[in-house]
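Comments concern the structure below.
The values are calculated or read from the model by the stated rules, or taken from the named source; none is laboratory data. Predicted model only: the values in this text are computed from it and were never measured. Ideal geometry is used to build each Cβ from the backbone, glycine not excepted, and the neighbour counts take in all protein chains shown. The protein model used for the area step is the full one, side chains on, heavy atoms only, and it has no ligands, DNA or RNA in it. Shrake-Rupley method; radii C 1.70, N 1.55, O 1.52, S 1.80 Å.
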Amino acid sequence: MPEIWQKLSAEETAMRLEVDTVKGLTDHEARNRLERLGPNTLERGPDVAMWQMFLNQFKDFMVLVLLAATAISGFLGEWSDAVTISIIVLLNAVLGVVHEYRAERSMEALRELASPEARVIRNGMERKIPAAELVPGDIVLLEAGDRVPADIRLTQTVDLAAVEAVLTGESTPVRKHTRPLEQAAGPADAANMVFMGTALTRGRGQGIVVATGMATEMGQIAGMIQEAEQESTPLQKRLAQLGRGLVFFCLAVCAMVVVVGVLRGEAVYQMFLTGVSLAVAAIPEGLPAIVTVALAIGVQRMIRKHAIIRRLPAVETLGCATFICSDKTGTLTQNEMTVRRVYLSGRELEVSGEGYDPKGKFTGDAAPGGPDFDKLMKLAALCNNATLYRDSISIGGLFRKNSPARESAWKIAGDPTEGALLVLAAKAGFWRERLEKKARRLAEIPFDSERKRMTVIYQEAGKIEALVKGAPDVVLKLCTHYLRNGRPVPLDARSRAAVLEANSAMADGALRVLGLAYRELPGKFDAERVEAGDVERDLVFVGLAGMIDPPRPSAISAVHTCRRAGIRVAMITGDHQLTAQAVAREMGIAGRDSRVITGEQLEQMSDEELAAVAENVHVYARVSPRHKLRIVRALKRQGHVVAMTGDGVNDAPAIKEADIGIAMGITGTDVTREASAMVLADDNFTSIVAAVEEGRGIYDNIRKFIRYLLSCNVGEVLVMFLAVLGGMPLPLLPIQILWMNLVTDGLPAMALGVDPIDRDIMRRPPRDPEESIFSNGLAWRIISSGAVIAVLTLAVFALSYSGGHDVDLARTMAFNTLVFLQLFYVFSCRSEYFTIWELGFQSNPHLLLAVLISAGLQMGVNYIPFLQPIFHTVPLSLHQWMMVIGVALLPTIAGTIQGQLGSRLRERVTYLKV
Ligand code: ATP
């Protein structure tokens, strides 16, 4: 371990690593080091190669038996059978590889999307880079919630603490500092360093990367840290179980076919091959792979809608969600704050202006200005970590290609709440950069959602002051005085009440309100040892700032969609009760009389009490992240499937506990993201609802192809079974069975997996997660459709055979009838609610193409001369084709008639309520 860094001072570390701590490395130097030392990643096990995937396809027992049987038929001189069967088996394996490869690729893409980033200073500028590109010498900025991207020697810390359990097993946070150590220590005691893979739980900091990739502490034990295994979803597990059951069932039926066939006098060898082929065709070995592909494709579609799935089971759970608990700021609202009202020394001022443009007027009871006004503005500007800057943008791009006009837009970097305060101060002529020419920041006690306040300590002309801002009720509790005409006067009950009233009035108008206060500190001050309790007391209250944060219009309609889909929405916010209520009303989440629970009330309630009411609460106000966990548990106790959003480190436990933990992609921290099942790339509530819709759609699609595959397989097995029972000749030869399996199960089933989502999917109630995949009559549909397919095929076979024709012709008729029955039936499987005419053929062009290709291949087997003897087909007359197609269309026509009647009924019953 490179313990040496711990003993060096920050300056010596920088010198050894040849880096300027202010400007960081140059891009050129960083590139050189990256080339020399390699990327900052831990080595992973090798990927599964294509050929291995291909070989894996032959691990299936029945396929091996089939190949053995083929080999035997080869020895017995049936060359064409042996070769063709082998080719079909190979094609099947190729199809399997295609499925698996696609699934693997999309999972890989997901992993890449979720790859971590680091904030560094390079070329004198702060920027985000992929953590893999970090090199020793890089200056990294760190913050609570970050996962540490490399081994770092700290050079600055503000109340920084890290949980290093991954390295040391110790789960309490370790406080960090920057002083050199006397003696080098192991990671457990190296308090002036942070290590790759550990999590920062508090504060902020900066440091120099001293080791990357396999050279880090984590790299040394990388063997122990495995990439999280891809979990299977509950459905995948259940299907695997079902698959095993089906195998035995199919084997039993196939064995019966063989035995009865042999007893009836068929050749043993012929019957054996028939039985094995039938088993291969009937066992839905492709099912798990198609399910994975359907899930993976669904996941890709979700990405396009800004929802990144981190855990595959979430895809299914999303479709079952009954309760979405969402943060307000930034998820339901735009997180673009503008201060509209200011309250100070008993009077109110209105503030005009748009966005972050620092232009606006103050109007109200009294003229702006005076010592109280100036103090408030100074506080707003200095107790602040955001930056206001002007960004050049080009406008008129499309129409003025040659000379796009350049215009500058005001933007903020950092927390929008703080940005709004910077803009407010700037409107009054107070700019932080100018103020900081005279005032120097000594220390900071950072904001966090639990404390709901932030404090900075500044020194100006020998005077040291603590500047505090935060939730008004919280700040006011710490105040003993208030500012009046530039002088602190004792805060009596009346003036306290007046402030709270002003706060309520602003909050009722949906404004987020912040209180601002200060305190002069005694002359001697040790910036290394700041304690919140010492500083944040006996404050002088200065005023309030109320800011708007408009709802996202799309979120309002998404809330409406949830309501129709039987999903409840709860808003969870750290904001004031009245602000929360006003926003919830505006968004249709709650009515005027809806119950609101505040963090304080929540503290008083037992878990049982909370569980009893949680279902009917749609607004939680002034809550802290730790309350979220209780809310999730209460709802789960009531049988709800809960989605919960979060961004800060403290949200991680609730996110982990929720059925669907959702982290914010923009404002979220690494730790929250890692705890989550899904990340919202745009932090937008609308994307959650879009993901739920996709989740429901994916499940629906899986049901579609299960219905299709199993109905067809039931049909195929029944045809053979009934034929041998009834003493008929075999209606299909082994090679025909295998071919049919390839053309009907391959492309059409895959195309069903990408079927567009039913348009009424968000009008149905959520699915019960315990519900069987065969619920709502699916099992019956599969068996009845399979029986219809079998009976019609047998009828055609019997008719053609008894008409005095030869058996090859009758088989060709049966073979084609069965194939086309299935190819038409696939369209009926597209919806359990709509007929194929209601859906339209163009809505899934993949399926149309898949069926056309399969039909083309089938024609090839019928008409290509050299294939005819192999597949024992004979050319059919037009009249015979009409019979084949006519019979194959019968179930579709019957289904349409039945569906038309049904859908008219359904429209009248279901949608009347909405
Ligand atoms: P959510 O994102 O869950 O809707 P929120 O963003 O409204 O919650 P927090 O960020 O936890 O809630 O803020 C809680 C309260 O703390 C706010 O209502 C505000 O009064 C205060 N607050 C927010 N940001 C800051 C800040 N940067 N400095 C000081 N106080 C703040």
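Summary table below
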read-out	value
Accessible area (Å², per residue) of the chain, counting only protein heavy atoms and a probe of 1.4 Å	44
Where labels lie 7 Å past Cα in the beta-carbon direction, separation of residue 534 and residue 774 in nm	7.2
Degrees, to the nearest 10: 625-637 long Cα axis against longest axis of the chain	30
Rg/Rg_globular for region 754-813, with Rg_globular taken as 2.2 N^0.38 Å and Rg from C-alpha atoms	1.90
Over the chain, relative contact order from alpha-carbon pairs under 8 Å, at least 6 apart, %	11
Accessible surface ranking that places the most exposed of 707, 763, 453 first, with a 1.4 angstrom probe	763, 453, 707
Radius ratio Rg over Rh of the chain, counting only Cα atoms, Kirkwood formula for Rh	1.08
Equivalent ellipsoid semi-axes, region 338-548, via Cα gyration tensor eigenvalues times 5, rooted, Å	31, 21, 15
Whole-angstrom gap from region 712-786 to region 286-351, using each part's C-alpha centre	36
Mean separation of Cα contacts under 8 Å, 6 or more apart, over the residue count of region 338-548: relative contact order %	23
Region 257-358: GluC sites (Glu not before Pro) in DSSP coil with no more than 11 other Cβ atoms inside 10 Å	354
Computed FRET value (nearest 0.05) for residue 487 with residue 434, which takes r as the C-beta separation and R₀ as 22 Å	0.30
Accessible surface, 1.4 Å probe, highest first, among residues 437, 176	437, 176
FRET efficiency, residue 846 to residue 87 (Cβ-Cβ, R0 35 Å, nearest 0.05)	0.90
Linear extension gain, residue 616 paired with residue 882, 0.36 nm per residue minus alpha-carbon span	89.6 nm
Partner lysines for residue 463 [C-alpha distance under 23 Å; skip if fewer than 8 residues away on the same chain]	375, 378, 437, 438, 524
Kirkwood hydrodynamic radius (C-alpha pairs) into Stokes-Einstein, region 598-672, 37 °C and 0.692 mPa s, D in µm²/s	263
Extended-chain gain in nm, criterion 0.36 nm per residue less alpha-carbon gap, residue 508 and residue 556	15.4 nm
Flagged links, alpha-carbon separation over 32 Å, of 305/359; 411/452; 23/477; 328/469	305/359; 23/477
Computed accessible area, residue 272, all protein chains, 1.4 angstrom probe, square angstrom	90
Three-way shape label, region 640-745, alpha-carbon gyration tensor, a/c 1.5	prolate
Contour excess over end-to-end distance, with Cα ends at residue 764 and residue 411 and 0.36 nm allotted per residue	122.8 nm
Efficiency of FRET between residue 838 and residue 564 - r from beta-carbon atoms, R0 22 angstrom, step 0.05	0.65
Region 564-593 versus region 428-448: alpha-carbon centroid distance in Å	36
Simple spin-label estimate for residue 603 and residue 18 in nanometres, 7 Å along Cα-Cβ	5.6
Carbon/sulfur fraction of accessible area - the chain, other protein chains in place, 1.4 Å, %	58
